[in-house]
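Working notes for the structure below.
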Amino acid sequence: MRYLRSILAVLTGLAFLVLLLVLALYVYITPERFHQQFSQSISNRFGILLETAALPKIQHLPKLVVHYPQTTFTSVNSELKGAIKNFSISMSPFAVFALNPRIERITVQGLSVATQKDQASQFWNQIQQSSVTFPLEHLEFKDAQLHVMDGETSLVKLNNIALSLNHFNEQTTSYATEFLMKRQDFTGTRVRFKVLLIGPKA
C-alpha cells in the first residue's frame, strides 16, 4: 500500500509538472513575443529585417505551429528585398524553452524576390563569409519567384519554384538541396536537380 501511495504521488507530481509546462507555454508563447524573438534571430543571423501585415497566429498543441500572414523583408544594407505571401513555422512545443530552440520546419508560400545581380552576389558572399548557422531541420519554398537583373537587363526570371532544403548542420552549415522550377519562357517545362552545398565550419 505504501508503494502504491508513492507511485501515485510521483504520478501526481509529474501530472502537475506537465500542467505547469502547458500553462507556461500558453502564457510565454504569445504572438507578440514569438514574433519579436524570431525576427530578432533572423536579423542577427542573416541581416534580414522582417515586416508583417499582422502578428502571427499560434497553434500551441499538439505541435507548436506559427502561421505568418503577408510579410516583406529587406537585408540590412538593402542588397536584397522581397515579399512572402505567407509562411509557417513548426517545432516541438516545449523546444521554445531551450536556449537555442531547434525548428523542425519552415514552409514559405509565394516568395517573390527581385534584385540586381551585384546586390544578390554581395548578399550571398556576406552569408558565406559569416559562417552563419540556423537551428532548422527543413526549409521548403512553394510557388516562389526570382528575378535577377543587371541594370535594365533581365538575366534570370523564374516562376513557380519549389525548393526544399534539408539536413541543416550546426557545425558545418552543410545541407542537401533539391528544387523544382519552371522557367517563364519555357511554359510547361520543368527542371529537377539536386545540389549539395557545403559551407565552412562554424
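Numbers for the structure displayed
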{"read-out": "Residues Leu19 and Arg102, FRET efficiency given R0 of 25 Å [Cβ-Cβ distance, rounded to 0.05]", "value": "0.55"}
{"read-out": "Label-point gap, in nm, between Glu137 and Lys157 - each point 7 angstrom along Cα→Cβ", "value": "4.0 nm"}
{"read-out": "Unit Cα scatterers, Debye sum, segment 1-103: log10 I(q)/I(0) for q = 0.13, 0.14, 0.16, 0.23 Å⁻¹", "value": "-0.58, -0.64, -0.77, -1.23"}
{"read-out": "Entries of Lys63/Lys157; Lys57/Lys142; Lys117/Lys142 with Cα pairs more than 32 Å apart", "value": "Lys63/Lys157"}
{"read-out": "Potential lengthening between Val10 and Asp150 on full extension [0.36 nm per residue; Cα-Cα distance subtracted]", "value": "43.7 nm"}
{"read-out": "Ser121-Phe94 FRET efficiency (beta carbon distance; Förster radius 45 Å; 0.05 resolution)", "value": "0.65"}
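Every number here is computed from the coordinates shown, using simple stated rules; none is lab data. What you see is a predicted model; the values in this text were computed from it and never measured. Counting neighbours? That spans all protein chains shown, and the Cβs are built from the backbone with ideal geometry, glycine included.
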